[in-house]
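Since every read-out is calculated from the coordinates, none of them should be taken as a lab result. Small disclaimer: the values here were computed from a predicted structure and weren't measured. Quick reminder, even Gly has a Cβ in these numbers, built from the backbone with ideal geometry, and neighbours come from all protein chains shown.
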Amino acid sequence: MIPLLLAQMTEPRVMTDADFWRAIGIASTGLVIVFTALILISLFIASLPRLLEQVARIWPEVEESASHTSHPGSQVADNAAVVAAIGYVLHTEMQKQMAAERSHANKN
Amino acid sequence: MIPLLLAQMTEPRVMTDADFWRAIGIASTGLVIVFTALILISLFIASLPRLLEQVARIWPEVEESASHTSHPGSQVADNAAVVAAIGYVLHTEMQKQMAAERSHANKN
Amino acid sequence: MIPLLLAQMTEPRVMTDADFWRAIGIASTGLVIVFTALILISLFIASLPRLLEQVARIWPEVEESASHTSHPGSQVADNAAVVAAIGYVLHTEMQKQMAAERSHANKN
Amino acid sequence: MDTFTEFFGTTGFATMTWGNAIMIVIGIVFIMLAIMKDYEPLLLVPIGMGAIVGNIPTADDMGLSVYDSGSVLYYLYFGVSQGVYPPLIFLGIGAMTDFSTMLSNPKLVLLGAAAQVGVFLTFLGAIWLGFSFQEAGAIGIIGGADGPTAIFLAAKLAPSLLGAIAIAAYSYMALVPVIQPPIMRLLTTREERLIRMAPPRKVSKREKMIFPVVAFLISTLIAPGAVVLLGMMFFGNLLKESLVTDRLARTARSAMIDIVTILLGFSVGASTQAETFLTRQSLQIFGLGALSFAIATAGGVLFAKLMNLFLTEKINPLVGAAGVSAVPDSARVVQMVGQQEDPHNFLLMHAMAPNVAGVVGSAIAAGVLWSVLT
Amino acid sequence: MDTFTEFFGTTGFATMTWGNAIMIVIGIVFIMLAIMKDYEPLLLVPIGMGAIVGNIPTADDMGLSVYDSGSVLYYLYFGVSQGVYPPLIFLGIGAMTDFSTMLSNPKLVLLGAAAQVGVFLTFLGAIWLGFSFQEAGAIGIIGGADGPTAIFLAAKLAPSLLGAIAIAAYSYMALVPVIQPPIMRLLTTREERLIRMAPPRKVSKREKMIFPVVAFLISTLIAPGAVVLLGMMFFGNLLKESLVTDRLARTARSAMIDIVTILLGFSVGASTQAETFLTRQSLQIFGLGALSFAIATAGGVLFAKLMNLFLTEKINPLVGAAGVSAVPDSARVVQMVGQQEDPHNFLLMHAMAPNVAGVVGSAIAAGVLWSVLT
Amino acid sequence: MDTFTEFFGTTGFATMTWGNAIMIVIGIVFIMLAIMKDYEPLLLVPIGMGAIVGNIPTADDMGLSVYDSGSVLYYLYFGVSQGVYPPLIFLGIGAMTDFSTMLSNPKLVLLGAAAQVGVFLTFLGAIWLGFSFQEAGAIGIIGGADGPTAIFLAAKLAPSLLGAIAIAAYSYMALVPVIQPPIMRLLTTREERLIRMAPPRKVSKREKMIFPVVAFLISTLIAPGAVVLLGMMFFGNLLKESLVTDRLARTARSAMIDIVTILLGFSVGASTQAETFLTRQSLQIFGLGALSFAIATAGGVLFAKLMNLFLTEKINPLVGAAGVSAVPDSARVVQMVGQQEDPHNFLLMHAMAPNVAGVVGSAIAAGVLWSVLT
Ligand code: NA
Ligand code: NA
Ligand code: NA
């Protein structure tokens, strides 16, 4: 039905031979490229587990989860954590010396 | 007070008759347009319940809430749900064959 | 090591006297400006508590927390609250007259 | 020491003008009003800080201001000068507005039209004061009590007055709780203020879904100039009411509107540089703006009284004052004034209907003015 | 009354064309499909409302449309016309995609390549119908079943057809549950549809971290034209899988993609003005697009059957249909069709592998077409 | 097969240079450092991936790079090249920074000034190496240890060096835990490192509200060139501390800064194309940058020791090292080095004061350099 519909609406142009072969060339090249790329990705993925096994001998995977503990870095994200930490220390320290604090502020 | 303030700051310009009538025309047309639009909206709103009653006979409203159950569609939003579903299936299936899994990974 | 590295890679240009003094001038001015600004900020901060004590006599700090209670204002942020309030009133009022409601809708 | 002299010549101490100082003080006052009185803080804080930033004197050849093509502030102000931010704000407003009260009170929609009398009378007043037709249109819309609409129209019709118009609009929106109550009391009797209204009926989901599309078609077929503002507002509302695009509606009314609000407020503030802002015209615009708000309030209240002549179920005329928009402040003012007479009279939900209708009304008014004056 | 006549001449009632009316109805249909059938609502609602807004007739000299330089819609459409929005959408898609199923099923990646046969055959068909090479490339990519990719390539190769191509791509993506099942049933036997596949293995965190970088290098060294789309997608995925940039990944897949989706959908919709959209070319594009989807589906299914000739662990050929992309709709269709034969056969997870591979595949196809045709 | 040859000529395999390969490896190293060492991952991951994407060789006539006007990456890079992203990042930083520790330790503010000696000595060094005055200014600011400030000034004074300066700045910020400790130990005695400081006092809400406005006025009246960066930072802080604009502050420090960080990092990375990046100048910039960090650290530490000559309540001179900015990494380094001598000495809160003062200090330094050198 759709090809019919298309045929009704249009009169296919008279194509030159050069155009015809160029179009075929582009389409086939394109399909070859897509397959090449995805076959290579597929092969890479298939070999990845073995590859990582080799790597894991030198460099055990445990380290990864360690990178999660808060370590120097992450300027923006950790600001809040730092501030919270400061807040906590401030709070506990403050309670010990509520009295001393006022005089300190005035002296300043 | 405000008109006084305005009068003090300014000397009203000498307006041509044409300008005067054009200004009046714009202002009155504008007000008419605004009223027309909002009256039509008001009439539409007033007739909406009866209109929907007619529609509801052909097409009962229950359907609406059904559209909320996860149905094909929603490429972006539901990705997470799909992934979660996959994750769940993976998880349960995985537990059954933890042993088999390792050998499969190596074989690959 | 780093200066050595730099020296190896480059031959310092022959600088004119004017350039030399201009550079020194910019660097020293810059440092003076930075210090001036931060010293003034530091002095301001140091005097802030006493300053606020004076202010607090005229204008006690309690008021601040009062500004948190929902008061006229905040067009965008409070819309949700208003809508929620409306929703609540609607809901309670509605329940009282569920029966009357239907006929009202039809009459409209 | 040449460098020092050269540098000192570029500092604010050397180049500060009285005008800059005044504007900085105004900026601080805006911030204080926002913090201490909670008047429209989401707008007054950004505008106030913007005004402070925009009035720090800088060397001309550094080209730092919103008016210097290629500067950072120029790019942030671009969304103002080209009228891009206001429709995006409207998108977010649409995505957070519940039109239920309006849908259940179709009569009250007319009050949102009546309040636009403020727009058109102020337009005439501005022409009488010597402003051009285009400038007068942009000034009149201050009476629409809707910041984004005022900025949008000013950007299109009178870019040189944009700063003053925006500041006037937001100032008076912030001052709604101060401006409206005396006018409302003056024009109503105690009996009128005591009128209670029947609670609104419940609105179905379908009504809410259909409304944005049809209301958009009606208003923009009549006033095509409103297509951008109302298109965005009803689009946002459709995202909310369609129920299938909830994540988009949520972003439109949170992160997206917040980002645009920050950029709009700050860059509008930064555009109020003393040399372009402190002019006789700005004072006139402030005067006309106050007049405009007063007329709009009166228009809404008086039209409600007029409608009561024909209605059996009377409207509390206080509700008419909410027709000016300034959502939701003027609706709250209605509630407050009503409760001063009768603490058990809840007018808020009724006032929301003319309140949102007033937004549509001023967008249409802006569309008409833009069409006719372009 | 001159003003009134003048104004009336600018209203939609005076200037509405049949074309505009048709487009407005189409917009309403899109919204209804989204709401009632839940077909791709995040795209159909914005596009539908955009189509309504874009077809309100306005005076030409107001310059309101996406094609009028300096208008608000022009700026919103800029991200479409310059191809900026699609890569940002890909960023968000990358940040929400879990490539686990693909990593555990490397063979199934090929099905995502096979489905691209739809792209290239349609390219030939479009040339045969008289479109230029560049136009044909942009039309062919509809078969990639990926909206952002189609918009991106159309913006680069055939800007004048962008509206039609975008609408066709999204329409057919929405109609995947209607288009695909008959083709899938036609090309498979009941025995094939009953094939069960072994559950995928668990994928380690390291695999998921390394994958986006290496897959990006492989695909773009081969097809450098895909560098922007795939760069953004794999960047988004790296933000997700690196585990140290979680806050960026979260924003990329929520507020950021939502904002871009709103602007892209709405402005693409608004670009479908009747006078530029209702043409014979658009109809041809819709015809070719349907063909393209059908061929792509068939390509995936048949290639799976071909692979089965060489494999001992057979693939259920239904899974091949998911190679067209249209994530995750076509994967769900596979699940649905599979369950109609055997309610206990869970193909969804297997179908996700060709599904995401299809996205990569069509981005590469777009890159190739762009490189060769520029 | 002509098409194939034609296409192959456009693939990365045909056109890859050694320079590209080196840059891709550098990109991968950045990502690995971020993941494995958690060094500034929010910047190193985007920059690393950007560097990979920017060094995939593409045909020149496709115009895909950040330097090709009209390309997607060009638009994303626009916010870098025009200096728009850095102030928006500063907005978010302001909205997340708590200045309490600085307000309670006014003396420590001076350490943030002292560290700027690194900026100005490096400026002299760069001139000595043959860079122009403008280039030298942009290179010097690397010592400010603040990425957005460095990018902003480089965009204004030396656009051609922007990539190298940005990469150097972020690299050394990431390496703060490696660079600073030896210098800190070298310049202090064990007794000094053991000094304990009195806990800071509590700061009232009013102090925090007033601070951003007054600090902005003081710093930009003295250095008007800092008006954009500091305007945005103190605006963000006011949104946070005013308590009435919390929703804006929340968006500024979440969705908004995330979006800008993604775009800034990625496009800065993509600007490091081998042919513009791998030059002798870049190596010199890296050398000068390292020097700059070292001098800044020494400056802060030595100035603290100088201050101790006049103070009765001694400052732990380690705290001086936090004056370089690199918030909050250098403050953490101070804490860490202090605890190596005395595990019960908590310097973190004290180090935060010079740390944030250092941000203000380098923005002022940037403003001065910009004013004088434009
Ligand atoms: Na209004
Ligand atoms: Na595809
Ligand atoms: Na610094």
I need the calculated FRET efficiency for the pair D:GLN340 and E:ASP61, taking r as the beta carbon distance and R₀ as 56 Å, to the nearest 0.05.
0.65
Hey, which of these cross-link pairs are over 25 Å Cα-Cα: E:LYS240/F:LYS208; F:LYS208/F:LYS305; E:LYS37/E:LYS208; E:LYS202/E:LYS314?
E:LYS240/F:LYS208; F:LYS208/F:LYS305; E:LYS37/E:LYS208
Name the residue, out of F:GLY147, F:GLY358, F:GLY125, whose mean-square fluctuation peaks in a Gaussian network model built on chain F with Cα pairs under 10 Å.
F:GLY125
Label-to-label distances across copies for F:PHE310, with labels 7 Å out along Cα→Cβ, in nm, shortest first?
8.1, 8.1
Angle in degrees between helix E:147-157 and the longest Cα principal axis of chain E, rounded to the nearest 10:
60 degrees
In whole Hz, what ³J(HN,Hα) sequence does region E:160-171 give by Karplus (6.51, -1.76, 1.60; θ = phi - 60°), x for Gly and Pro?
6, 9, 3, x, 4, 5, 4, 5, 4, 4, 5, 4
Identify the GluC sites (Glu not before Pro) of region E:165-244 meeting these criteria: DSSP loop state and at most 15 other C-beta atoms within 10 Å of the C-beta.
none
For chain F, what is the calculated [θ] at 222 nm in deg cm²/dmol (nearest 500), taking -39500 (n - 2.57) for each run of four or more DSSP H residues and dividing by its residue count?
-21500 deg cm²/dmol
In degrees, nearest ten, helix D:257-270 long axis to first principal axis of chain D (Cα):
50 degrees
For region D:82-213, size of Cβ-based charge dipole, Lys and Arg +1, Asp and Glu -1, in debye:
620 debye
For a quick check: sort F:TYR67, D:TYR77 by the number of other beta carbons within 10 angstrom, fewest at the front.
F:TYR67, D:TYR77
Distances in nm, one decimal, shortest first, from E:ASP342 to the same residue in every other copy, taking the label point 7 angstrom along Cα→Cβ.
7.3, 7.3
Could I have the simple spin-label model distance between D:LYS205 and D:MET32, label points 7 Å from Cα toward Cβ, reported in nm to one decimal?
5.2 nm
Charge tally in the Cβ shell below 13 Å around E:GLN180, where Lys, Arg are +1 and Asp, Glu are -1, E:GLN180 excluded:
+1
Please rank D:GLU275, E:GLU341, fewest neighbouring Cβ atoms within 10 Å first, as an exposure proxy.
D:GLU275, E:GLU341
Convex hull volume of chain F per residue (C-alpha atoms, cubic angstrom)
143 Å³
Here, the protein assembly as shown modelled as identical Cα point scatterers in vacuum has Debye log10 I(q)/I(0) at q = 0.06, 0.07, 0.08 Å⁻¹ of -0.60, -0.82, -1.07
For D:PRO159, place a label point 7 Å from Cα along the Cα-to-Cβ direction in every copy; what are the distances to the other copies, in nm, shortest first?
2.2, 2.2
Please find, among residues of chain F, the one with the beta carbon closest to the rotation axis relating it to chain D, distance in whole Å.
F:ALA255, 2
Would you mind computing, in nm to one decimal, how far apart the modelled labels at B:SER28 and E:THR374 are, each placed 7 Å from Cα along Cα→Cβ?
6.1 nm
Once both labels are modelled 7 Å past Cα along the beta-carbon direction, what's the F:ARG280-D:LEU306 spacing in nm?
8.4 nm
Proxy exposure order for D:ILE257, F:ILE183 (fewest C-beta within 10 Å first) is F:ILE183, D:ILE257
Using only C-alpha atoms and all pairs of different ones, pull out the Kirkwood radius for region D:1-142 in Å with one decimal.
19.2 Å
Taking Cα atoms, the helix E:329-341 axis meets the longest principal axis of chain E at an angle in degrees (rounded to 10) of 50 degrees
Going by amide H atoms built from the backbone, whose H comes under 5 Å of the H on E:LEU243, apart from near neighbours?
none
